[in-house]
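Here's the structure we're looking at; comments come further down.
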Amino acid sequence: MTRRASVLDAIEPQAVGSLHPLDLDALGAIPGDVITVASRRGQISLTARADERIPRGSIFIPFNFYEAAANLPHQRGARPVRKIAEVKYCAVKLRKGGTLTPLGSYGGGQSFTPDPAASPT
């Protein structure tokens, strides 16, 4: 739903992964570089962001970018008591480089404007 809020989408049109600046440096990457997050379940590529608030050894990935779906590398299991998907953490490998998925039909900082010819009169 965030991607359909044109103001929010204009602020952050591309998928990002936030990690501690020292972790980013250890990858040989700088903010704005493409990084790939991979597990045995899947991988995504996104733009790196340095954020000192992120604990060392962690990465924060928002869920609102289908071009870099944060649930692809996640565990498939459910929490034992509440039976909800376990999407808060999983072990991943990071590497510098990768290919960003092109933006889809909406998002990418573009406001949605309906086609007047497509609406019934």
The correct ranking of Thr99, Thr47 by accessible area at 1.4 Å, largest first, is Thr99, Thr47
Report Leu103's accessible area, 1.4 Å probe, all protein chains in place, as a number in Å² to the nearest 10.
-> 60
Just by accessible area at a 1.4 angstrom probe, what is the order of Val92, Val37, Val7 from largest to smallest?
-> Val7, Val92, Val37
Segment Ala26-Ala38, length gained on full extension (0.36 nm per residue, minus Cα span) | 2.6 nm
Tally Lys and Arg at +1 and Asp and Glu at -1 over the other residues with C-beta under 11 Å from the C-beta of Leu22: what net charge comes out?
-> -2
Once all protein chains are kept in place, Glu52 shows an accessible area at probe 1.4 Å, nearest 10 Å², of 150
Any chance you could run the full-extension gain for Val7 through Arg95? It's 0.36 nm times the residue separation minus the Cα-Cα distance, nm to one decimal.
-> 28.6 nm
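The values are calculated or read from the model by the stated rules, or taken from the named source; none is laboratory data. All values reported here derive from a predicted model rather than from experimental measurement. Neighbour counts are summed over all protein chains in view; Cβ atoms, including those assigned to glycine, are modelled from backbone coordinates with ideal geometry. Areas reflect the complete protein model, heavy atoms only, side chains present, ligands, DNA and RNA absent. Shrake-Rupley method; radii C 1.70, N 1.55, O 1.52, S 1.80 Å.
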